[in-house]
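Written below as structure tokens is the structure these notes are about.
Every read-out reported here was derived from the displayed coordinates using simple, explicitly stated rules and does not represent laboratory data. Since the structure is predicted, the reported quantities are computational estimates derived from the model, not experimental observations. Quick reminder, even Gly has a Cβ in these numbers, built from the backbone with ideal geometry, and neighbours come from all protein chains shown.
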Amino acid sequence: MKTAIYVRVSTNEQAEEGYSIDEQIDKLKKFCEVKDWQVANIYKDPGFTGSNIDRPGLKKLINDVENKKIETVLVYKLDRLSRSQKDTLFLIEDVFGINNTNFVSLNENFDTSTPFGKAMIGILAVFAQLEREQIKERMTMGKIGRAKAGKAMSWHWAPFGYTHKDDSYEVVDLEAQIVKQIFHDYLSGISITKLRDKMNDEGHIGKDIAWSYRTIRQTLDNPTYAGYTKYKDQIFPGNHEAIVSKEVYDEVQKQLEIRQKEAYKKNNNPRPFQAKYLVSGLVRCGHCGAALGLHQYAKKKDGTRTKIYKCHSRTGKKKNVTMVKADNCPSCDYPKEELENVVLSEIEKIRINPQLIQKSSHSAQEIDDTPLIKRLEELDRKLEKLVSLYLDETLSLEMLNDKKELIQKEKTAIEGKLNKTNKQKPELKISEAADILKNLKGSILKLDYEKQKIIVRKLIKQITLKDDEMVIQWRFAV
């Protein structure tokens, strides 16, 4: 009988008698000799938890079972296969069972080829699940204990501004100065969006990747910088040195709440762009992708100046060098009043004929970033596992660094993609957009300039101009 031996240990069990990889293999091989079973392959998962089935050795075993290479799967103990009741029953019934593969557990002395074994599997799986829940509870209590003791709660990397030192954080002077500047600039009235642009224009000193809105927002909201540790919603005094005072941190929290409420009240938008003109900050060049800036030209006969929108790649001003996307952009100029009238006319068309909203919504479809977030959580768990394996001397420092680098690269790529998808997410449902237009009770062309500006920014995310073509990216979707 072609038998597959499956062995697994988590880092907490490696020192326990009877649970080491070698001891499991030795006992299982002797059992096969007594039964006169042929060992087809040995599948190992060292340092992997039994709380899920995302394990390389188990995946290879499942693949071989499905390809009819295995007749019996043998484990030392039931919880070596899984500690989850749901996963245990899935593997036995939906993987092994449908492929006519028996499952035998040496320690519990039963196999699924007998009715009694099938009944006992369900009962024992319940107790395996109970044990897992107890372990999870003990780990949670341990983390709360760390937080209450003021120890560092970040396992893989310290918050920007700190480095790990024993069970605490040590201040990194250069990074700490940048953190202080972020708190100071925000309290001085600078928005998070402008703070992000300012930090990136300076070359994001002390940081390998560009600053994002999310990163700066999390920095301002992190009590670690005020000398505290946090576990879930509970905050405790930390053992590390604070970078900003508690008074500064508390004031920032108040300002974050105040500004968000003011933003919702003004535009029903948590991060409003306060612009002087109707489409400022919304227009992009269809040739090179650069933003279009507003410029003034010679006075007319009535004394007013002509205002035009012009691609930043064509301005030639050194102060706008970060906005330049191409050396010889062929874009043309767009008179301000003409452009604004065209944009308002497009909104008026939708107001008169609401059915057009359905046709306009294709450019802002909902994007689900849940898989990306779950993958980030999975990568965090892998990093934690690598560190544990290294501390247990199961993994060399060289292998640790190599694997850690690969995981970190993937994390960076995912975080970048999350930032991108967050920008692409629709902010309004079609019904909400229809309500905004319905509440106008008249033509948008007849509203005063400030009210027109508010409506434009509620409905439009970006306007791309290329010669005589205009593409509007709306904020609403189905």
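Counting only residues at least eight positions apart within a chain, or on another chain, the aspartates and glutamates with an alpha carbon under 12 Å from that of Lys438 are Glu348. Residues whose amide H falls under 5 Å from that of His240, counting only those 5 or more places apart or on a different chain, are Tyr169, with hydrogens built in the peptide plane. For segment 162-267, a Kirkwood hydrodynamic radius built from all Cα pairs, placed in the Stokes-Einstein relation at 25 °C and 0.890 mPa s, yields a translational diffusion coefficient of 167 µm²/s.
Remark on Asp111: its backbone amide H falls under 5 Å from those of Gly117, a criterion applied only to residues 5 or more positions apart or on other chains, H modelled at 1.01 Å from N.
Ranked by the mean number of other Cβ atoms within 10 Å of their residues, highest first, the peptides 97-108, 376-387 fall in the order 97-108, 376-387.
For Lys404, neighbours were defined as the other residues whose beta-carbon sits under 13 Å from its Cβ, and their charges (Lys and Arg +1, Asp and Glu -1) total -1.
Of Lys198/Lys466; Lys77/Lys118; Lys27/Lys69; Lys276/Lys429; Lys310/Lys336, which sit over 19 Å apart, Cα to Cα? Flagged as over cut-off: Lys198/Lys466; Lys27/Lys69; Lys276/Lys429. A simple rule links phi to the HN-Hα coupling: the Karplus curve 6.51 cos²θ - 1.76 cosθ + 1.60 with θ = phi - 60°, which for segment 72-80 gives 9, 10, 10, 10, 6, 8, 4, 6, 5 Hz, with x for Gly and Pro. Listed by chain and number, the aspartates and glutamates whose alpha-carbon sits under 20 Å from that of Lys409, ignoring those within fewer than 8 places in the same chain, are Asp208, Asp369, Glu377, Glu378, Asp380, Glu384, Glu398. In straight-distance terms, cross-link reach from Lys165 covers every one of the aspartates and glutamates whose alpha-carbon lies under 15 Å from its own, apart from those fewer than eight places away in the same chain; here that gives Asp173, Glu241.
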